[in-house]
Number of protein chains: 2
Amino acid sequence: MSDSDTSVVSRLRKLIGEGAFRQGERLGEVAVAEQLGVSRTPVRLAFRTLEQEGLLQRAGKRGFRVREFTEADVLCAVEVRGALEGLAARRLAEQGMSPALTAELEFWIQKGRDLLAKGYLEEQDVEVWSELNRHFHENIVGSAGSSVIGDAIARNNHLPFAAADSIIIDSEALDREYRKLQLAQVQHELVVQALRHGEGARAEMLMREHALIGLRYAELLDVGRHAPSG
Amino acid sequence: MSDSDTSVVSRLRKLIGEGAFRQGERLGEVAVAEQLGVSRTPVRLAFRTLEQEGLLQRAGKRGFRVREFTEADVLCAVEVRGALEGLAARRLAEQGMSPALTAELEFWIQKGRDLLAKGYLEEQDVEVWSELNRHFHENIVGSAGSSVIGDAIARNNHLPFAAADSIIIDSEALDREYRKLQLAQVQHELVVQALRHGEGARAEMLMREHALIGLRYAELLDVGRHAPSG
DNA sequence: AAGTGTTGTTTTGGATCCAAAGTAGATATC
DNA sequence: GATATCTACTTTGGATCCAAAACAACACTT
């Protein structure tokens with residue numbers, strides 16, 4: 001509704017994501033309110049929202065604390081996104097794609113091809129990829145016939161490390177990121193191929209695997225870099 | 001925290017689930033507050049929680065409205081639960097089950113056998129099954145190595161028709177429900193079998209199918225009833 | 001010495017007040 | 001007659017006040 005209502009939520013979300021609070025730290029309403037320069041009311045509202053998002057946990061009978069995340073949680077959150085996006089892809093393949101949706105997906109696929117065509121990655125390309133990646137995923141999830149899947153994914157994505165566009169972090173090693181995006185692009189194209197052919201199981205499996213690219217492809221990419229020089 | 005804080009949430013949740021409000025109806029803070037006999041403050045807090053749970057939607061710039069659910073939403077919510085519980089089962093199968101967990105699952109399986117052994121269903125058996133079913137599912141989801149999956153399922157289950165124990169509605173046709181529970185029992189046993197053997201893919205698939213029992217098994221059960229008499 | 005009861009402090013929950021934003025209705029103007 | 005603007009009313013957001021619950025420290029009793 002008003003700016004500050006949602007803004008307190010997103011400001012807190014940002015602070016938590018940045019690690020401004022220790023994991024498990026207890027958050028008092030007054031302390032946070034003073035820190036953000038607002039009264040207790042919007043903070044109280046925000047705490048309820050953040051609790052549901054999974055970023056805060058009730059601390060016993062009184063107050064909230066910052067949710068602690070293990071490495072297993074991170075992996076699980078990514079797998080959850082994969083499972084849900086895979087479900088969306090399977091449903092979409094089974095119900096068939098509209099020409100408009102096919103064209104839309106092809107458009108973003110082409111954008112990816114264009115981006116990677118020059119053979120390397122520049123700093124500003126990261127933002128472009130993030131955009132097209134977001135559109136690609138949102139189009140698939142949003143066309144699965146019900147907003148329930150999309151809502152579940154959105155809730156999962158509130159965990160800062162689970163979102164699809166958290167692929168890119170390392171803007172130092174751009175050559176390495178380039179190879180990662182090449183793989184992501186191939187996966188995108190294969191997903192669309194499977195969707196067009198109505199191959200539900202394949203679309204689901206590809207989408208699920210695609211979710212893991214940010215976590216499990218690290219060694220693969222390093223091997224790829226060393227092989228040509230060795 | 002206090003009773004009424006959570007109680008306003010659950011009272012509203014119940015009212016919405018019972019259809020006390022029309023789908024899409026706009027909910028004003030003052031109106032609801034008066035109806036529940038509290039002030040606006042706890043209602044405002046509850047609205048934020050219910051929004052995150054997916055039961056309320058923001059109505060443009062002002063206020064909230066009751067979320068409208070289509071039949072596709074119901075099916076999707078059940079499939080989402082299946083996908084997530086399937087993911088939990090696969091992870092559990094791959095990481096291996098502790099002896100304690102195996103014993104626990106066997107315990108609830110045996111309870112199910114006992115319940116169905118007499119060959120028919122009584123009114124009070126429904127509650128017993130609901131209990132053991134809940135324990136069975138919670139044990140699997142809670143042992144998947146991270147609470148992230150369980151949280152996602154819990155959020156999904158806030159949709160009143162999506163929860164696992166919404167299997168049973170029809171306490172009139174107890175013979176029909178008996179056959180349904182027989183199938184559910186078989187599925188439970190097969191899931192445990194797959195889990196014990198570390199068959200991740202099979203466990204996942206079985207769990208996913210199991211989620212559909214409340215929706216997709218209707219005709220099958222009717223056929224089963226008519227076949228012996230024809 | 002251990003456990004229990006009491007008191008004081010801290011923190012949250014609920015109610016109310018005020019301001020701001022939004023909506024609708026009416027009037028005036030083109 | 002239609003559109004635009006102004007005004008009055010409705011509804012929500014933010015701040016503050018008060019009460020109640022929880023936690024901690026201390027003292028008292030057994």
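The values are calculated or read from the model by the stated rules, or taken from the named source; none is laboratory data. Everything numeric in this text was worked out from a predicted model, so none of it was measured. Neighbour counts run over all protein chains shown; Cβ positions are idealised from the backbone, glycine included. Just the protein is used for accessible areas: all its heavy atoms, side chains included, with ligands, DNA and RNA removed. Shrake-Rupley method; radii C 1.70, N 1.55, O 1.52, S 1.80 Å.
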(message) If you rotate chain A onto chain B, whose Cβ in A ends up lying nearest the axis, and how many Å away is it?
(response) A:Gln52, 2
(request) Put a label point 7 Å from Cα along the Cβ direction on B:Ala72, then list its distances to the equivalent points in the other copies in nm, shortest first. (result) 3.8
(message) Please give me the summed charge of the neighbours of B:Ala59: other residues whose Cβ is under 11 Å from its Cβ, Lys and Arg +1, Asp and Glu -1.
(response) +4
(message) Rounded to the nearest percent, how much of the accessible area of segment A:3-66 (1.4 Å probe, protein heavy atoms only) is carbon and sulfur?
(response) 46 percent
(request) Show that you can apply the helix-only estimate: for chain A, add -39,500 (n - 2.57) for every DSSP H stretch of four or more residues, divide by all residues, and state [θ] at 222 nm to the nearest 500. (result) -23000 deg cm²/dmol
(request) Give, as a single signed number, the net charge of other residues whose beta carbon lies under 14 Å from the beta carbon of A:Gly86, with Lys and Arg counted +1 and Asp and Glu -1. (result) -1
(request) Would you give the gap between the C-alpha center of segment A:171-198 and the C-alpha center of segment A:33-48, rounded to a whole Å? (result) 42 Å
(request) Give the long-range amide H neighbours of B:Phe64: residues separated by 5 or more places, or on another chain, with amide H under 5 Å away, using H modelled in the peptide plane at 1.01 Å from N. (result) B:Leu27, B:Ala59
(message) List, shortest first and in nm to one decimal, how far the label point of A:Lys61 (7 Å from Cα along Cα→Cβ) is from its counterparts in the other copies.
(response) 4.5
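R0 = 51 Å: FRET efficiency of A:Ala201 with B:Lys118, Cβ-based, nearest 0.05? Please report the intermediate quantities before stating the final value.
Values: r = 41 Å, r/R0 = 0.80.
Plugging the Cβ-Cβ distance into 1/(1 + (r/R0)^6) gives 0.80.
Can you give the FRET efficiency for B:Lys14 and A:Arg58, using 1/(1 + (r/R0)^6), R0 = 22 Å, r = Cβ-Cβ distance, to the nearest 0.05? Walk me through the numbers before you get to the answer.
Numbers: r = 21 Å, r/R0 = 0.94.
Taking R0 as 22 Å, the efficiency between B:Lys14 and A:Arg58 is 0.60.
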(request) Counting only trypsin sites (Lys or Arg not before Pro) that are in a DSSP loop and have at most 11 other C-beta atoms within 10 Å, tell me the longest site-free stretch of chain A. (result) A:119-230
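Residues with beta-carbon under 12 Å from that of B:Glu122, excluding B:Glu122: net charge, scoring Lys, Arg +1 and Asp, Glu -1?
Numbers: positive: B:Lys118; negative: B:Glu123, B:Asp125, B:Glu127, B:Asp175, B:Glu177.
Result for the local shell: -4.
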(message) Compute the helix-to-body angle for B:40-53: its Cα long axis versus the longest principal axis of chain B, expressed 0 to 90° and rounded to tens.
(response) 40 degrees
(message) How tilted is helix B:174-196 with respect to the longest principal axis of chain B? Cα atoms for both, answer in degrees (0 to 90, nearest 10).
(response) 70 degrees
(message) Just to confirm the number: angle between the C-alpha axis of helix A:3-17 and the first principal axis of chain A, 0 to 90 degrees, nearest 10?
(response) 70 degrees
(message) For B:Asp73, what accessible surface area do you get with a 1.4 Å probe? Give it in Å², rounded to 10.
(response) 10 Å²
(request) Work out which GluC sites (Glu not before Pro) in chain A are exposed loop sites (DSSP not H, G, I, E or B, at most 10 other Cβ within 10 Å) and give the longest gap free of them. (result) A:19-122
(message) Ordered shortest first, which distances in nm separate the 7 Å Cα→C-beta label point of A:Arg196 from those of the other copies?
(response) 4.8
